[in-house]
Amino acid sequence: MKWVVVESYSLVYEAQIAKSLLISQGIDAQIENEHTINMDWFYSNALGGVKILVPEDCVEDAKLILEQDYSEEVDEKFSLEKEVCPSCGSTNIIPYTEGKKTAFTFLIVVGIPVGKVRHGLKCQDCGYFYAQSGR
């Protein structure tokens, strides 16, 4: 049986997820360069990444499976609730660290990070910053 590369990843865990997905769909898969790149990830580019190989007769099916985006199904399955801004009600929220620019500037100029740094969430619509719920 001839094995063919269908996809290449920079990180080992990405290849492991892809392999698990293919196997769950009934396609036999192998990972190449996994252990070498685990030992020293700088080799990833030199070796062409962590490669997923499948039998030659399964290449087209494997490519179709790996191209699909399952993120909405995962959100639906685990009913992930979107964070809502307490100020304006928007769901356009990102993780944000308040005060890191000031601390970084002092680090560059003086040599020590000075300033108060707070982690939380920031609304992209109204700019409101707040601590994450449940943390």
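The values are calculated or read from the model by the stated rules, or taken from the named source; none is laboratory data. Because the structure is predicted, anything quoted here is derived from the model rather than measured. Cβ sites come from the backbone with ideal geometry, for glycine too, and all protein chains shown count toward neighbours.
Data table
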| item | result |
| --- | --- |
| Cβ-Cβ under 7 Å pairs, at least 6 apart or on other chains, the stretch 21-35 side in the same structural domain as L64 (by TED's automatic domain parsing), far side aromatic (F, W, Y) | Q30/W3 |
| Sole exception among (1) within 30 Å of D125 (Cα to Cα); (2) modelled with pLDDT of 90 or more for A18, by number | (1) |
| Count of the stretch 44-57 residues which are at pLDDT below 95 and touching a helix residue (DSSP H, G or I) at 6+ places or on another chain (Cβ under 9 Å) | 4 |
| D61 vs. criteria acidic (D, E), surrounded by 11 or more Cβ atoms within 10 Å (Cβ to Cβ) and part of a helix (DSSP H, G or I) | yes |
| Scan of the stretch 7-25 for residues that are more than 20 Å from the chain's Cα centre (by Cα) and within 15 Å of Q68 (Cβ to Cβ), ordered by number | S24, Q25 |
| Complete set of residues in the stretch 1-15 that are of a type in the set (V, I, T) and either modelled with pLDDT under 95 or in contact with a Gly (Cβ under 8 Å, 6 or more places away or on another chain) (or both) | V12 |
| Single match in I108, I94 (criterion: hydrophobic (A, V, I, L, M, F, W, C), loosely packed, with under 10 Cβ neighbours inside 10 Å and over 18 Å from the mean Cα position of the chain (by Cα)) | I108 |
| Criterion (of a type in the set (G, A, S) and within 18 Å of the chain's Cα centre (by Cα)) met by exactly one of S87, S44 | S44 |
| Residues (closer than 15 Å to N45 by Cα and part of a strand (DSSP E or B)) located in the stretch 2-19 | E7, S8, Y9 |
| Counted residues, the stretch 26-43 - those being exposed (fewer than 13 other Cβ atoms within 10 Å of the Cβ) and modelled with pLDDT of 95 or more | 1 |
| Counted residues, the stretch 46-58 - those being surrounded by fewer than 17 Cβ atoms within 10 Å (Cβ to Cβ) and either in contact (Cβ under 8 Å) with a residue 24 or more places away in the chain or at positive phi (or both) | 3 |
